[in-house]
1. Show me the helices (runs of 4 or more DSSP H) found entirely inside segment A:187-242 where at least 2 residues are out of contact with any helix residue (DSSP H, G or I) (no Cβ under 7 Å at 6 or more places or on another chain).
2. Suppose we filter segment A:109-135 for residues that are farther than 15 Å from residue C:281 by Cα, more than 7 Å from chain C (Cβ to nearest Cβ) and touching a helix residue (DSSP H, G or I) at 6+ places or on another chain (Cβ under 8 Å); how many remain?
3. State whether one or more residues within segment B:343-351 are modelled with pLDDT of 85 or more, in contact with a helix residue (DSSP H, G or I) (Cβ under 7 Å, 6 or more places away or on another chain) and within 22 Å of residue B:274 (Cβ to Cβ).
4. So residue B:115 fits all but one of (1) under 33 Å from the mean Cα position of the chain (by Cα); (2) within 13 Å of chain A (Cβ to nearest Cβ); (3) without any contact (Cβ under 8 Å) to a residue 24 or more places away in the chain; what number is the exception?
5. Only one residue in B:195, B:173, B:209 is without any contact (Cβ under 8 Å) to a residue 24 or more places away in the chain and closer than 20 Å to residue B:248 by Cα. Which one?
6. Identify the single condition in (1) within 12 Å of another protein chain (Cβ to nearest Cβ); (2) in a helix (DSSP H, G or I) that residue A:66 does not satisfy, given that it satisfies every other one.
7. Here is a list of conditions, (1) closer than 27 Å to residue A:118 by Cβ; (2) more than 8 Å from chain A (Cβ to nearest Cβ); (3) part of a helix (DSSP H, G or I), and residue C:18 meets all of them except one; can you say which number that is?
């Protein structure tokens with residue numbers, strides 16, 4: 001890399017704009033994080049560092065409501081992740097290991113439909129569907145809706161990794177007398193695992209984050225964390241909301257970091273290089 | 001070629017490892033294999049040689065069970081296996097990219113086939129150790145494939161495929177990923193291992209040198225057809241047709257017409273009228289006087305001779321270019337008839353200077369050095 | 001073996017090819033039943049009569065579309081007049097989504113380019129920094145923005161303390177706040193695909209252009225941008241489509257006067273005041289707009305050399 005080569009590549013101001021971009025993305029989040037430690041109940045003035053609002057989240061008057069909502073969010077996200085990841089793994093193998101066939105692009109479009117249709121449309125359509133078939137909206141309807149929109153998020157990293165894995169691994173396993181199930185269980189799945197874990201983590205985050213679709217299909221009485229927070233925000237932004245937000249933010253960051261790290265470790269392993 | 005299509009009944013006879021009978025493979029409208037018939041003997045090192053896209057790998061994958069035949073039959077030691085899935089066939093493959101399971105140690109890779117076959121653990125371990133010894137990698141048993149060099153991975157792939165004692169070992173261009181020196185060393189080693197193991201090897205390659213050095217017999221393939229089956233000698237010295245002559249080694253192909261034929265000898269005339277005596281395959285029954293075809297002369301079978309040498313089979317021409325190649329020198333000679341031929345002479349044989357560009361030369365074809373090809 | 005033996009051993013090609021239908025069926029079934037059928041049902045609902053307590057009466061009606069496009073109804077006695085209320089909401093949404101796309105492109109392109117031309121180690125860190133907000137809960141991000149910019153929020157507080165302004169700078173519940181929210185929500189969606197395209201770009205082309213006397217900006221315009229165009233278009237679609245149907249940014253930052261399609265639709269299904277056929281019709285119109293954009297994209301993709 002000569003300095004001339006570097007100079008040709010660079011454009012004045014691009015670095016500044018990149019820095020601006022980062023500041024814009026992080027400033028609101030950081031400010032909410034900082035103010036979540038604000039002693040003062042007047043949420044604008046800084047009254048000194050305190051963990052009051054974090055204590056309030058777990059023990060305050062609204063804590064039971066948030067605990068139930070958090071439990072709903074986590075349990076739905078877990079089950080939706082397991083469902084969506086299983087379905088997506090099967091679909092990714094079916095898509096990447098089948099050569100060309102008629103209707104393949106249609107199948108691809110179908111699997112990715114949940115990210116192409118605007119969320120609000122999915123929300124409306126799902127509500128109408130449950131109402132038309134007389135399915136009582138509540139916990140189960142949220143779970144079903146979540147499985148659907150998590151599928152493409154789990155599918156994409158899994159399919160991407162599968163494309164980097166030569167099909168000759170499975171062929172080698174089958175050649176060495178493994179059944180197809182054994183070829184999947186002992187050979188393909190271990191090699192594919194980083195992709196499956198990435199996909200599952202993203203599905204979990206997407207499920208945990210969803211507000212709009214959940215809000216439509218939750219029915220009366222069942223809340224998840226985002227719908228509970230939305231309801232609370234409608235009454236005004238109170239400091240305990242900022243503490244919850246900070247906690248959720250940290251969970252997201254943790255998940256993305258783990259997913260990212262697994263992806264990198266996966267790429268560094270010999271599989272992709274020796275394909 | 002038709003002589004290859006032996007009657008199927010004989011396939012059960014002892015000594016035949018794999019028999020392919022009129023195997024056809026079609027992908028939609030595209031035909032990858034045109035009714036290929038081949039008989040591969042037990043314990044034979046048999047090579048499928050041809051340019052990419054000739055169908056050799058497809059043929060190998062059909063024997064392995066990774067592809068179905070569109071029509072035709074595949075017999076393994078006399079038993080029809082066209083409907084047997086790959087994991088039920090006593091046939092193992094060494095893959096082009098080795099495809100060693102990256103998450104398993106060398107030992108676990110070799111154990112895999114034995115475990116899948118249900119070999120008792122103790123016996124499997126013993127067999128795997130023996131395989132490691134065969135490929136001289138005992139001390140690498142617990143390494144991961146990514147910690148091995150290309151040549152070592154290649155040997156693990158070989159050991160893994162040999163471990164379950166397959167009836168036939170299939171090798172899909174196993175040396176192509178290695179560098180030249182290692183590739184040359186592995187040729188000899190591979191041949192040794194085959195002889196030691198006493199197993200039929202079916203080897204796919206596009207590298208003619210590889211094929212010529214290792215094989216007991218070679219099938220030269222092109223465009224989904226087997227062009228010729230024979231030993232290295234047969235294929236090099238007596239190519240069945242222009243494709244084989246052109247694909248294997250270098251050859252000068254000169255248009256010619258048969259004047260008369262006596263047994264396996266023909267007299268031919270080049271377009272300029274020069275007469276050449278050539279050999280012809282006994283089964284080229286359709287060749288008689290008047291048949292048009294090509295003379296095939298290997299460059300090293302042409303000798304520089306004194307001008308006006310009165311003997312038969314002499315071509316005259318002018319040197320266009322002299323190319324020094326280390327052990328050899330190649331001369332590009334434009335014949336009086338206008339065709340251009342390559343002549344190759346060993347440098348060690350020449351005391352005097354070779355003719356330079358522009359000088360006239362006479363070229364004598366060595367006895368047995370020219371064949372007439374009608375196809 | 002007489003004749004063609006065309007038995008299927010189920011192992012043609014890759015090991016799992018024969019299982020294709022069984023592997024894909026669960027995803028087809030799930031998405032088919034829980035998304036395709038619901039969307040079709042929504043289309044049907046948009047042609048039904050509204051039930052006053054929410055829901056529908058199974059009776060064919062064009063009332064929803066009629067209400068959307070015409071004043072007092074197409075079938076009324078009066079001469080037909082276009083009703084602008086809802087059309088305006090759609091136009092406002094399209095304008096807002098387009099502006100958000102432009103602003104995201106203006107910041108996102110230089111950022112993506114800058115990241116892609118970093119050395120491998122710092123590039124990974126930059127990329128990670130851009131990816132994190134992408135996955136942080138959109139609701140939390142929008143709430144954070146609301147907290148930051150409202151009249152009594154930290155931004156106004158600091159600006160007043162610094163003496164730059166004497167009165168709170170009022171942006172909350174304006175179109176500007178909605179715009180800021182959209183821009184902020186979808187900025188990472190612009191950066192990532194452009195980054196991917198620039199990262200694959202062969203910088204020898206830039207050297208070739210400089211060698212042929214092009215300057216920096218000519219090279220950018222004539223070489224780089226045309227080559228990375230697919231990434232730019234992908235980024236624009238990833239920002240435009242969700243912006244168009246956005247609900248949180250207009251609802252939390254825009255207040256009652258700055259409705260976008262998302263809020264309009266949501267309102268139709270909120271409690272008993274709603275109008276399901278009308279909401280379904282508005283959703284169908286939004287979906288059609290999005291499909292048009294996606295079809296345009298698919299066509300421009302397939303025409304690429």
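The values are calculated or read from the model by the stated rules, or taken from the named source; none is laboratory data. Fair warning: this is a prediction, and the values are worked out from it, not measured in the lab. Ideal geometry is used to build each Cβ from the backbone, glycine not excepted, and the neighbour counts take in all protein chains shown.
1. On the way: elements: A:189-209, A:212-217, A:225-234.
Correct list: A:189-209, A:225-234.
2. 5
3. yes
4. (1)
5. None of the other options fit; the residue is B:209.
6. In the conditions (1) within 12 Å of another protein chain (Cβ to nearest Cβ); (2) in a helix (DSSP H, G or I), residue A:66 misses (1) alone.
7. The single condition residue C:18 does not satisfy is (1).
So that you can scan it fast, the table gives a plain yes or no per residue for (1) more than 18 Å from residue B:171 (Cα to Cα); (2) surrounded by 18 or more Cβ atoms within 10 Å (Cβ to Cβ); (3) in contact with a strand residue (DSSP E or B) (Cβ under 7 Å, 6 or more places away or on another chain); (4) more than 13 Å from chain A (Cβ to nearest Cβ):
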residue	(1), (2), (3), (4)
B:58	no, yes, yes, yes
B:63	no, yes, yes, no
B:66	no, yes, no, no
B:77	yes, yes, yes, yes
B:80	yes, no, yes, yes
B:83	yes, no, no, yes
B:93	no, yes, yes, no
B:100	no, yes, no, no
